[in-house]
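Since the structure comes first, as structure tokens, the remarks are kept for the end.
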Amino acid sequence: LGTAHLDGTALSHGTLSITCLNRLEEIGNVAQRIEAFGLAHGLSSEVVFALNLALDEVVTNIISYAYVDAAEHEIGIRVTLDGKDVSVRVEDDGRAFNPLDIPKPDLRPDIDRRPVGGLGVHIVRSLMDALEYRRVNDRNVFIMRKRLD
Amino acid sequence: VDIHIANAGGVIEIGVIGRLDSATSPILEDEVRTQLAAGHTRLVFDLSALHYISSAGLQVLLMAARSLGRSGNVVLAAPQPMVQDILEIAGIDAMLPIYGSATEAVSALKGR
């Protein structure tokens, strides 16, 4: 966990690349990698929680809805810490899907009228400061940024 | 995630320990459905040892509340600060009562 010091890298800069498969059980493993990265780079527990949760929601959506076949697919995750902010890039080879097209859910406190979907993306929007979607070479690229102030 | 169930005079206390993500939330969902099928209408979710919740976990809480409608009582107890934040972002704090401890929540429901 002290490797950030040992290899001379500044604590406030670093990159973590993770490849996970399209299985929901992978979410817990991804979270462990993010937690270790956060610890090594001195990120607050609030920031680590936010990164994990936003990533969980995005990856869960991909695993649940992106694939039209039952085959194994790889999802690429790259976390980049760049001094003042942290960005998380998620790339998948599923069908074109822009999470930003999902409308904001109705959050009125009426249990019976409450829709089942849309909550995940709403949480992502709330936790992150900037979101960006691109379709590149038949792949979905979703980038989330969070300020570290 | 680990789920602990206790029956306190008809009030079902559901202790949720660990992480509720899309992989583990079905475990809680099964347990809640079992309690509902047994005819229980008063549920306390003790969240004091829950470190993490995603929308999949929130949906289980909403499912319980929706299933019991206005006849039943679903309440939450002692969420940790970061889980509390997520409950607020999702607007669940405005839908379900949140008590400071499971003991308080159970005694509030016992009177009903």
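The values are calculated or read from the model by the stated rules, or taken from the named source; none is laboratory data. Given the structure is predicted, the values throughout are model-derived calculations rather than measurements. Ideal geometry is used to build each Cβ from the backbone, glycine not excepted, and the neighbour counts take in all protein chains shown.
Worth a mention:
- Only a single item in (1) farther than 22 Å from A:S45 by Cβ; (2) of a type outside the set (S, T, N, Q); (3) touching a helix residue (DSSP H, G or I) at 6+ places or on another chain (Cβ under 9 Å); (4) away from every other protein chain (no Cβ under 14 Å) is not met by B:M95, and it is number (4).
- Of the residues making up region B:64-106, those that are buried (at least 19 other Cβ atoms within 10 Å of the Cβ), in contact with an Asp or Glu (Cβ under 7 Å, 6 or more places away or on another chain) and in a helix (DSSP H, G or I) number 3.
- Residue match in region B:32-55 (condition: over 13 Å from the mean Cα position of the chain (by Cα), within 20 Å of A:P105 (Cβ to Cβ) and part of a helix (DSSP H, G or I)): yes
- Residue ID - surrounded by the most Cβ atoms within 10 Å (Cβ to Cβ), chosen from residues in region B:8-46 that are among the basic types (K, R) and away from chain A (no Cβ under 14 Å): B:R42
- Subset tally (residues that are surrounded by 14 or more Cβ atoms within 10 Å (Cβ to Cβ) and not in a loop (DSSP other than H, G, I, E, B)) for region A:83-113: 10
Here is a yes/no grid of residues against (1) more than 23 Å from B:Q59 (Cβ to Cβ); (2) within 14 Å of chain B (Cβ to nearest Cβ); (3) not in a loop (DSSP other than H, G, I, E, B):
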{"site": "A:I62", "(1), (2), (3)": "no, yes, yes"}
{"site": "A:G76", "(1), (2), (3)": "yes, no, yes"}
{"site": "A:I123", "(1), (2), (3)": "no, yes, yes"}
{"site": "A:R135", "(1), (2), (3)": "yes, no, yes"}
{"site": "A:M144", "(1), (2), (3)": "no, no, yes"}
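- The set of residues in region B:64-85 being more than 10 Å from chain A (Cβ to nearest Cβ) and modelled with pLDDT under 90 consists of B:S71, B:G72.
- Residue within region A:128-144 that is touching a residue at least 12 places away in the same chain (Cβ under 8 Å), under 30 Å from B:N73 (Cα atoms) and surrounded by 21 or more Cβ atoms within 10 Å (Cβ to Cβ) present: no
- Residue in region A:82-102 that is within 14 Å of chain B (Cβ to nearest Cβ) and under 21 Å from B:E88 (Cα atoms) present: yes
- Residue that is farthest from the chain's Cα centre (by Cα) [pool: residues in region A:21-69 that are farther than 29 Å from A:R95 by Cβ and among the acidic types (D, E)]: A:E46
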